[in-house]
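This report refers to the structure that appears directly beneath it.
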Amino acid sequence: MQTSVTFRQMTLEDIDQVLHVEKHSFATPWRRQAFVQELSQNPYAHYVAAVHNETEVVGYCGVWIILDEAHVTNIALLPRYRGKKLGEALLHCALETVKAKGGKTVSLEVRLSNKVAQNLYTKFGFKKGGIRKGYYTDNNEDAMVMWVNLT
């Protein structure tokens, strides 16, 4: 499969495809209204879409940027696009957005069992910051909090 994937700001028109990515990525996917609200009403929200052949949204990453702090809300790729360094490229684009908007630190939560994601975040300098007990409501799994300083 050729991976001619580009990255751009996510739009309301992308939501149907983003919901498809959500369904194939998370046990408890976000609902349509959550994305509508993020894109149209949340001034802190910034979302990057990964787009294959200029038409198919195959992944996305969202961050909230408040003053100089940012928080990764979600990052996801369709399963067939994983393992191709696209997650790295997607996270890189999101972190570049944070830097461009004046962000200096970034935090996120990741499942303790998700070693692939933890390895990705570690490549970008994220460090373990603590544990949120029972953070994930689908199975009560704990989350690791990770932080990175961009400056």
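Readers should treat all values here as calculations from the given coordinates under stated rules, not as data from a laboratory. Computed from a predicted model, the values in this text were never measured in an experiment. When we count neighbours, we look across all protein chains shown, and the Cβ atoms used for this are built from the backbone with ideal geometry, even at glycine.
Pick from region 1-14 the residues that are free of Cβ contacts under 8 Å to residues at least 60 places away in the same chain and hydrophobic (A, V, I, L, M, F, W, C): which of them is surrounded by the most Cβ atoms within 10 Å (Cβ to Cβ)?
10
Please list, ordered by first then second residue, the pairs with beta carbon atoms under 6 Å, 6 or more apart or interchain, first in region 32-48 and touching a residue at least 24 places away in the same chain (Cβ under 8 Å), second of a type in the set (Gly, Ala, Ser) and surrounded by 13 or more Cβ atoms within 10 Å (Cβ to Cβ).
38/45; 47/62; 48/94
Could you look through region 108-151, keep only residues that are in a loop (DSSP other than H, G, I, E, B) and among the charged types (D, E, K, R), and pick out the one that is surrounded by the most Cβ atoms within 10 Å (Cβ to Cβ)?
If we take residues in region 108-151 being in a loop (DSSP other than H, G, I, E, B) and among the charged types (D, E, K, R), then 141 is surrounded by the most Cβ atoms within 10 Å (Cβ to Cβ).
Let's see how each residue does on (1) among the basic types (Lys, Arg); (2) closer than 19 Å to residue 30 by Cα; (3) assigned to a helix (DSSP H, G or I); (4) in contact with a His (Cβ under 9 Å, 6 or more places away or on another chain):
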residue: 64; (1), (2), (3), (4): no, yes, no, yes
residue: 71; (1), (2), (3), (4): no, yes, no, no
residue: 76; (1), (2), (3), (4): no, yes, no, yes
residue: 84; (1), (2), (3), (4): yes, no, no, no
residue: 93; (1), (2), (3), (4): no, no, yes, no
residue: 102; (1), (2), (3), (4): no, no, no, no
residue: 106; (1), (2), (3), (4): no, no, no, yes
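With respect to the numbered conditions (1) in contact (Cβ under 8 Å) with a residue 12 or more places away in the chain; (2) over 23 Å from residue 147 (Cα atoms), which one is the sole condition not fulfilled by residue 23?
Only one criterion in (1) in contact (Cβ under 8 Å) with a residue 12 or more places away in the chain; (2) over 23 Å from residue 147 (Cα atoms) is unmet by residue 23, namely (1).
Considering only residues that are surrounded by 13 or more Cβ atoms within 10 Å (Cβ to Cβ), of a type in the set (Val, Ile, Thr) and over 25 Å from residue 101 (Cα atoms), which ones fall in region 15-57?
21
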